[in-house]
C-alpha cells in the first residue's frame, strides 16, 4: 500500500470521526433530556398521589356522618373505582422510571442505579434469577446428599460456604428485583436474610461432638428442603406462566420458598410438604435446644436454635394467614387485576393512536406515487 493511500484512508476516517462526534453530541443531549423527563414524570406521579390522598380524605370527611342517597352511593362507588384504576395506571407508568435503591443495596453496592428501564431486560434478569435458584438448589441437593454418605470436614465447609454465598447473593438479587417492580415482600425476603445469618453461624461452628450429633440431621433436612423447593419451582413456574399469559400476574413476579395467594390455582399437594418442612425446622430448633446443655456446647447452638424457631414460626404463621386472607380478598384481588388490565389497555390504545397518523401519512405518500 502506498503512502498516499494511507493518507487518503486517514482522511476518510477523520470524516467518519466527525460524524461520530455529532452522533455522540446528539446522544448526550438526548440523555440529558431523558433525565429531565424522568424527573418531571416522577414529580407528577408524586403530585397525583398526594392530590388523590387529599381528595380521598376530604370525601371521607364529607360522608362520615352523613346519610347518603342512592345516587350519592353510586357516585362514591364510581369514584372508588376510578381511584383504583388511577393507582394501577400510575404503577404502570412508574415501571418505566428509575427507582431509588433500598438501604440494603446502598450499604452493599453504594449509590449505584440498578434500575432496568427496558421491560424485556427486566424479564430477562428475573428469568436469570430463577435459573440461578434452580441450579444452586440442584448443587445444594447433591452436596448435602454427598455429606450424608461421606463424613469429611472439608466437604462440609464447602457446602455450608455455598449456603452462605447463595443466600447472601439471593438477598442482593431480590433487592434489585424489588427496585425493578417485583412484588416479593415481607416475610419471604426476611426469610432469606435470616437464612444468611444461620448459614454464617453454621460456618463458624467448630468441629466438636455437638456438631457431629447435629450434622446428619442437618444434612437430611437440606436434602428434604431441596427436594421440596424443586417441586415448588416446577409447580410455581407453571402457575405463573399461565397467570401471566392471562394477564393476571406481573411479569416481575417470582417463585418463592413458601406459600403465596396466587398459588391457589391448581394447588393439590404442595401444602403438606411445606408444613412437614416447617415441622422439620421446629425439630431442628428442639434438638439444638437440648444440645445447648451439652458440656461441649458453644454459643452457636442456642443462636441456631432461636433462628430455626423464628423460621418455623414465621413460615407457619405466614402460610396460615395467607389462606383465610386469600378467601376474604378474592374479589378485591380480581378487581385490582382488572384495574391493571385497564391501565395496560389504555397504554396500548395510546400507542395505536400515535401509530395512526404515521400510517395515514404513509398511505397518502403511496397514493401520490400512484
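A convex hull fitted to the Cα coordinates of the range 126-201 yields 81 cubic angstrom per residue.
Taking square-rooted eigenvalues a ≥ b ≥ c of the alpha carbon gyration tensor, is the range 37-196 rounded, prolate or oblate, where a/c under 1.5 means rounded and, failing that, a/b exceeding b/c means prolate? Prolate is the answer for the range 37-196, as a/c is 1.5 or above and a/b outweighs b/c.
Using R0 = 25 Å, the C-beta based FRET efficiency linking residue 59 and residue 183 works out to 0.35. The range 172-193 and the range 16-87 have Cα centres separated by 25 Å. Using the Cα gyration tensor of the range 108-169, with a ≥ b ≥ c the square roots of its eigenvalues, what is the shape: rounded (a/c below 1.5), prolate (a/b larger than b/c) or oblate (neither)? In terms of gyration-tensor shape, oblate. From the square roots a ≥ b ≥ c of the eigenvalues of the alpha-carbon gyration tensor of the range 1-90, which class results: rounded (a/c under 1.5), prolate (a/b over b/c), or oblate? Judged from the Cα gyration tensor, the range 1-90 comes out prolate (a/c at least 1.5, a/b above b/c).
Every number in this text was worked out from the coordinates using simple rules, so none of it is lab data. Everything quoted here is computed from the prediction, not taken from an experiment. Heads up, the Cβs are rebuilt from the backbone with ideal geometry, glycines too, and the neighbour counts pull from every protein chain shown.
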